[in-house]
Amino acid sequence: MLNARELKEHFGDKLEENVLLRDFTSMAVGGVADYFLRVQKVDDLVGAVSYLSKAQIPYFVLGGGYNIIVSDMGFPGVVIKNEVKDIVFSGGNTEVIVGSGVEISRLLMDAASRDFGGLEFLFGIPGTIGGSVYGNAGAFGHAIGDFVKSVTLLIPGGDDRESKIVRHTAKWFEFGNRSSKLKEFNKLHPLTNKPIILSVKLQLCQSRKDVILRKMQENLKIKKLSQPLGVKSAGSFFKNPGIEKEQSAGFLLDRSGAKRFRVGDAVVSRQHANFVINRNKATADDIRRLAGQMKDAVRGEFRTNLEEEVEYIGKW
Ligand SMILES: Cc1cc2nc3c(=O)[nH]c(=O)nc-3n(C[C@H](O)[C@H](O)[C@H](O)COP(=O)(O)OP(=O)(O)OC[C@H]3O[C@@H](n4cnc5c(N)ncnc54)[C@H](O)[C@@H]3O)c2cc1C
């Protein structure tokens, strides 16, 4: 249970109250978090999650907020904004250990300046390393899971047990189509406090800065041609049911007439039918209703069930 006095005593001035979450998500929807805490050091992230899980207070770890739809009713608990930004490159080989709050773009630029490449396909994907490993982010047929050597996780405790830090290899994560063991766990247990990614060890490869930067720009150019960037969206809304072009969610939605759909200010992009856009004043409820219509249309036309890539967060 939330005990406001105890929480404030524990976290002091760092704890903000009644913070509007729409200001922290790319979809620009979402109500109020009871409490909001920014953490810049891994020790503070561990401390906060350990304390909250032991006290059985619900928490949610927020990365960049680029792949979530937060309920208009907000989040009843503590939202922890992950700003842990340490990066350690190893000298001898091309490995890097990245704090989970590091932005993808920052990692790619830092790596490029050391002539380390391999992750150019991620360029243009907004968000943090924690969020990208959680959802196995990727593009152009590659995904971050293929480059993960190991992940350090915090497993939350409970009233009768302490939290613990463990390290797992990529195999443990069972990376799949925009999924991981953590994301699947959350789908099955949405009301349970979930494990937190503290840092990730990635295998990069030796390259040349100019080659890496050119590849990144080429990838971004292709992305810009096919996706509506610079608008309020959460990227691809649904997972692709298959790998062929005719099995992509965008293709199926387009052929089902979804580009005409709209609920309030939530619309389907004319450029890419798998992008839901908040034109200005859409609510989370508008977006979820629109998503329901899109799923119904594809089910009716193709007998295919689309599954959300984005996650619905908070009280619905
Ligand atoms: C314009 C646009 C284009 C996009 N293009 C792509 C694309 O090409 N490919 C692609 O894969 N995605 C794409 N996305 C989606 C998004 O960028 C990725 O899913 C990204 O990895 C989300 O990271 P985030 O930090 O914003 O996560 P958030 O949205 O903040 O969180 C997503 C989930 O990850 C969990 N999470 C975050 N950090 C941690 C942590 N440290 N430990 C445990 N759980 C954590 C959160 O609790 C939440 O459940 C796009 C999004 C936009 C807006």
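The values are calculated or read from the model by the stated rules, or taken from the named source; none is laboratory data. These figures come from a predicted structure and were not determined experimentally. Cβ atoms come from the backbone with ideal geometry, glycine included; neighbour counts cover every protein chain shown.
The residues on offer are ALA282, ALA273, and the sole one that is small (Gly, Ala, Ser), in contact (Cβ under 8 Å) with a residue 60 or more places away in the chain and either within 29 Å of LEU182 (Cβ to Cβ) or in a helix (DSSP H, G or I) (or both) is ALA282.
In region 1-31, of all residues being among the hydrophobic types (A, V, I, L, M, F, W, C) and over 22 Å from VAL276 (Cα atoms), the one that is surrounded by the most Cβ atoms within 10 Å (Cβ to Cβ) corresponds to LEU7. Looking at region 126-141 only, could you name the residues that are surrounded by 24 or more Cβ atoms within 10 Å (Cβ to Cβ), of a type in the set (S, T, N, Q) and not in a helix (DSSP H, G or I)? The one that is surrounded by 24 or more Cβ atoms within 10 Å (Cβ to Cβ), of a type in the set (S, T, N, Q) and not in a helix (DSSP H, G or I): THR128.
Scan GLY92, GLY101, GLY64 and give me the residue that is part of a loop (DSSP other than H, G, I, E, B), in the same structural domain as ASN136 (by TED's automatic domain parsing) and surrounded by fewer than 24 Cβ atoms within 10 Å (Cβ to Cβ).
Checking each option against the conditions leaves just GLY92.
In the set (1) within 27 Å of ASN177 (Cβ to Cβ); (2) more than 9 Å from the ligand (Cβ to nearest atom); (3) of a type in the set (A, V, I, L, M, F, W, C), the condition left unmet by VAL231 is number (2). When only residues in region 179-210 that are touching a helix residue (DSSP H, G or I) at 6+ places or on another chain (Cβ under 8 Å) and in a helix (DSSP H, G or I) count, which is farthest from the ligand (Cβ to nearest atom)? Filtering first and then ranking leaves LYS209. Number of residues in region 157-178 that are within 11 Å of the ligand (Cβ to nearest atom) and either part of a strand (DSSP E or B) or not charged (D, E, K, R) (or both): the value is 1.
Counting only residues that are more than 17 Å from LEU21 (Cα to Cα) and either in contact with a strand residue (DSSP E or B) (Cβ under 9 Å, 6 or more places away or on another chain) or within 15 Å of the ligand (Cβ to nearest atom) (or both), region 293-316 holds 8 of them.
One residue stands out in region 142-155 among those that are within 11 Å of the ligand (Cβ to nearest atom) and closer than 24 Å to SER53 by Cβ: the one that is surrounded by the most Cβ atoms within 10 Å (Cβ to Cβ), namely VAL151.
Residue pairs whose Cβ atoms lie under 6 Å apart, sitting 6 or more positions apart in sequence or on different chains, and linking a residue in region 60-72 that is farther than 17 Å from GLY99 by Cα to a partner that is within 6 Å of the ligand (Cβ to nearest atom) and among the acidic types (Asp, Glu), are ILE68/GLU311. The set of residues from region 57-82 being of a type outside the set (A, V, I, L, M) and either within 14 Å of the chain's Cα centre (by Cα) or within 8 Å of the ligand (Cβ to nearest atom) (or both) comprises PHE60, GLY63, GLY64, GLY65, TYR66, ASN67, LYS81, ASN82.
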